[in-house]
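The structure appears right after this line, and notes come after that.
Since every read-out is calculated from the coordinates, none of them should be taken as a lab result. Everything quoted here is computed from the prediction, not taken from an experiment. Note that we place each Cβ from the backbone using ideal geometry, even for glycine, and neighbour counts take in every protein chain shown.
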Amino acid sequence: MPSKENLQLSQQEQQRYLRQTQLLSFGESGQLKLKQSKVLIIGVGGLGCPAAQYLTAAGIGEITLVDEDQVSLSNLQRQILFSESDIGKNKAQAAKEKLQTNNSDIKIIAFPHKLNPHNAHQLIKRSDLVLDCTDNFHSRYLINDICAHYNKPWVYASVLGFEGQVALIKPEHSCFRCLYPELAETPNCNQAGVLGVVPGIVGNMQALLAIDYLARINSNGEASKSNKLQLIQGLNSRSINLFKSDDCQLCRGEKTYLDYTSDYQAYEQLIENIPEEQKISWADFEKFPAENTVLIDVRSEEEHLAFNRGGINIPLEELGGNLRIEVGKRHVFYCQSGRRSQLAHIKTLSLESDSISSDKRVYSITEPLLSPVEKLTSP
Amino acid sequence: MITLLYFARYREALGLDSEQFSITCPCSVQDVIEQLKQRGEPWLSILADSKLMLAVNQTIATPDQALTDGDELAFFPPITGG
């Protein structure tokens, strides 16, 4: 319910937003809708910074910024909201301070924590629209599942290299699991690089979609009956119509966020228990003497055949009785992103006696495995 | 003739963002994929990618979809950075 002061624009606000309220399809009514809106921005990085800057300037009533990370030097190439003096500061806090200097009429909340199933509920429930400015699929599925539960629209975006994808996802039309049903473990910008201006453009497209939705401008003509995915490639783009997938268990009502978040929570908790020295890179692995090391690819047989870095193949779900831990040998798990290798690690430890873990003979490679296609294109 | 579009890392691997491709109807997306695979690498790796997404005439599609002259078939992968 909008409060009394949200029912009209102050004189200062009329002046500040004049250039947009002049637009016939936007007008003062559009501005009031923005003023009454609460937007949640998850991730204040390459996408979150530009989206937050334009939404702040446009006069969204309340913006919540979620990010647990600190600003680093390698962020400044694309996260131009931040300055060198922000290095080491929390991103959500630093962004709030900067943004508030542009617009003191709006409320900005910094939430300097990692998104998890518990806080995601609290944050999403009270928002009108969610912007996914994260850099990983775990967070996107979490946002998707909880937004589906509360029937909240959200704006998905991702970038890599010279490319971007963006879509306003209204759960009644289709969901993110309809588009990408399985955890797509692909490189992120830290691993494969991105041209700074690309998240700038895509983050601004998120802001435009947000304003269009919240102010009900409908710049796409009649209210769309399907979600649309924009594929942006440099200066070209394609709009792809999305539909509910017959196989989507979330949209079919066979699963709820609870089924998915329990997996997520269990996973997060378990991998925290793996000692850091047992999470290794490919370079660490190369240093192990080959005759005393067993390398195990825990991806599917199909993935293993398509591309592998040697070793035996035991898919994660088949891991159990068929893996014999050989005394005196190191066992090293690998997969695509490092997720399944750590799950294999946990599974093996749970099947074996405590002596295995205390002996530090099980390792997981947490560095992503690049396929030939990805290798061809990574810098 | 149909138009093939390649996005993101597929475009980079091929050094190609689009091409015209001749088909004989009846023809499905899968048939086109099989013909492209015969070109060898890098098509083989790209088309074997388990994350490959397809769109026909700007609508998400599956490999069994039929194609007709003038259609546009796009290949794109999920991307994850932010």
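To the nearest ten degrees, helix A:91-102 and the longest principal axis of the Cα atoms of chain A are 10 degrees apart. Here B:M1 and A:K114 are evaluated by their C-beta separation; at R0 = 51 Å the FRET efficiency comes out at 0.50. For chain B, a/c is not less than 1.5, where a ≥ b ≥ c are the root eigenvalues of the C-alpha gyration tensor, and a/b tops b/c. That puts it in the prolate class. Where does the charge balance sit around A:D246 when Lys and Arg score +1, Asp and Glu -1, over other residues with C-beta under 15 Å from its C-beta? Result for the neighbourhood of A:D246: +1. FRET efficiency for the pair A:E276 and A:V197, taken as 1/(1 + (r/R0)^6) with r the Cβ-Cβ distance and R0 = 45 Å, rounds to 0.80. Here the peptides A:153-164, B:11-22, A:117-128 are ranked by packing, the mean other Cβ count within 10 Å, and the order with the highest first is A:153-164, A:117-128, B:11-22. Averaged over peptide B:55-67, the number of partner chain Cβ atoms lying within 10 Å of each residue's Cβ comes to 3. Taken about its Cα centre, the range B:2-76 carries a charge dipole of roughly 220 debye when the Cβ of each Lys and Arg holds +1 and the Cβ of each Asp and Glu holds -1. Let me know the charge dipole size of chain A about its Cα centre in debye, to the nearest 20, where only the beta-carbon of Lys, Arg (+1) and Asp, Glu (-1) is charged. I would put it at about 1200 debye. For the peptide B:45-53, the mean number of other protein chain Cβ atoms found within 10 angstrom of a residue's Cβ is 6. Scan around A:C175 for amide H atoms under 5 Å from its own, H built in the peptide plane at 1.01 Å from N, and keep only partners 5 or more places away or cross-chain. The answer is A:S245. Restricting attention to the protein assembly as shown, close to 50% of DSSP beta bridges with both partner residues there are antiparallel.
Listed by chain and number, the lysines whose C-alpha is less than 20 Å from the C-alpha of A:K287, apart from same-chain residues fewer than 8 away, are A:K279, A:K329, A:K360. Taking θ as phi - 60° and the Karplus parameters 6.51, -1.76 and 1.60, the scalar couplings of the range A:38-51 work out to 10, 10, 9, 10, 9, x, 10, x, x, 8, x, 4, x, 4 Hz in sequence order, x denoting glycine and proline. Give me the inter-chain shielding for A:229-240: mean count of other chain Cβ atoms within 10 Å, whole number please. The mean count of partner-chain Cβ atoms within 10 Å per residue comes to 4. When each of the peptides A:196-206, B:64-74 is scored by the mean number of other C-beta atoms lying within 10 Å of its residues, the order from highest to lowest reads A:196-206, B:64-74. Distances between placed amide hydrogens fall under 5 Å for A:H331 paired with A:V294, A:V362, A:Y363, all partners being 5 or more residues away or on another chain. To the nearest 0.05, how large is the calculated FRET efficiency for A:L258 and A:E172 if R₀ is 22 Å and r is the Cβ-Cβ distance? Calculated value: 0.60.
Were the residues from A:N102 through A:Y150 laid out at 0.36 nm apart, the gain over their Cα-Cα distance would be 14.1 nm. What is the protein assembly as shown by shape, rounded, prolate or oblate, if you read a ≥ b ≥ c off the alpha carbon gyration tensor as root eigenvalues and call it rounded for a/c under 1.5, prolate for a/b larger than b/c, and oblate otherwise? Note, shape of the protein assembly as shown comes out oblate. Taking a ≥ b ≥ c as the square roots of the Cα gyration tensor eigenvalues, the range A:37-265 comes out rounded, since a/c falls below 1.5. Evaluate the relative contact order of the range B:2-76 (contact order divided by residue number), counting alpha-carbon pairs under 8 angstrom at least 6 apart; express in whole percent. Relative contact order, the range B:2-76: 44 percent. Averaging the sequence gap over all C-alpha pairs within less than 8 Å and six or more residues apart, then dividing by the number of residues, gives chain A a relative contact order of 13 percent.
The aspartates and glutamates within cross-link reach of A:K347, meaning a Cα-to-Cα straight distance under 13 Å and a gap of 8 or more places when in the same chain, are A:E317, A:E318.
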